[in-house]
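Heads up: the structure comes next, in structure tokens.
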Amino acid sequence: MKPVLYAHPFSSYCQKALTALYENGTDFEYRVLDHTDPETLADFAARWPIKRFPILVDGDRTIVEASIVIEYLGLHYPGPVKLIPDDPAAALEVRMLDRFFDNYISTPQQKIVFNAIRQETDRDPYGDNEARQMLERAYAWLDRHMAGKEWATGDAFTLADCGAGPFLFYADWTHAIDPAFANVHAYRKRLLARPSFARAVDEGRPFRKFFPLGAPDRD
Ligand SMILES: N[C@@H](CCC(=O)N[C@@H](CS)C(=O)NCC(=O)O)C(=O)O
């Protein structure tokens, strides 16, 4: 039986999991979460009442959180690309960078978007400003961190890069990365050229008109 991914192609966290699946050519069933398919939506909500996606269903197990989905795939459906290194110290570095991209790039990016889609009277300019300041600090740190590196932890593409691709993609659309952060721009470009992530980006293209802040006419 194949594992089943409940996901949407335009979602950053889903693209994170999809990048891992495409890196290893893992065979899986894709259940798209879409308002035109209420049955799949109800099935998803019953499996994960928190209602954040993606989730992976494997037999009677439901695996939640994109990072854990990727860890699970590495354990139960390993492929040629080891997204978490065997060496525990190297694996810790990968997980540290994965936390960085989730907490300090994606979380503030989502906060800005969630704020923008609220009713005008419910918006939170203080929180929006805080999120933008966090992104600025994260871009600055990442620019120094990426100096001389190809991927987030060095020469190998890992779990950390699976998240970095979609999160930097949408972060730049949401709160533009200053051109002075040349290492971040170069890294974002390398991620976009990686076939696994490029495929996930292509699958999300038809939905760009739904980007709440207005999608720019570029990747
Ligand atoms: N911590 C979760 C976050 C997942 C997440 O925020 N997914 C977004 C889509 S990119 C979502 O479910 N949004 C739906 C909502 O906020 O209602 C993970 O790592 O998988």
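One line per residue, one yes/no per condition, for (1) farther than 25 Å from C14 by Cα; (2) not polar (S, T, N, Q):
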{"residue": "Q109", "(1), (2)": "no, no"}
{"residue": "I112", "(1), (2)": "no, yes"}
{"residue": "N115", "(1), (2)": "no, no"}
{"residue": "T121", "(1), (2)": "yes, no"}
{"residue": "L142", "(1), (2)": "no, yes"}
{"residue": "G148", "(1), (2)": "yes, yes"}
{"residue": "W151", "(1), (2)": "no, yes"}
{"residue": "D161", "(1), (2)": "no, yes"}
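To keep it simple, each residue is scored yes or no on (1) under 19 Å from A182 (Cα atoms); (2) in contact with a Phe, Trp or Tyr (Cβ under 7 Å, 6 or more places away or on another chain); (3) within 16 Å of the ligand (Cβ to nearest atom); (4) among the small types (G, A, S).
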site	(1), (2), (3), (4)
D122	no, no, yes, no
P125	no, no, no, no
A152	yes, no, no, yes
D155	yes, no, no, no
Pairs, first in the same structural domain as T174 (by TED's automatic domain parsing) in the stretch 103-118, second within 11 Å of the ligand (Cβ to nearest atom), C-beta under 6 Å, six or more apart: I105/F167; S106/F167; Q109/Y170
Any hit, the stretch 102-112, residues being in contact with an Asp or Glu (Cβ under 8 Å, 6 or more places away or on another chain) and charged (D, E, K, R): yes
Selected residue [out of contact with any Ser or Thr (no Cβ under 7 Å at 6 or more places or on another chain), at pLDDT 95 or above and loosely packed, with under 15 Cβ neighbours inside 10 Å] from E130, E65: E130
Within the stretch 6-47, tally of residues that are small (G, A, S) and closer than 19 Å to C162 by Cα: 6
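The values are calculated or read from the model by the stated rules, or taken from the named source; none is laboratory data. These numbers come from a predicted model, not from an experiment. Counting neighbours? That spans all protein chains shown, and the Cβs are built from the backbone with ideal geometry, glycine included.
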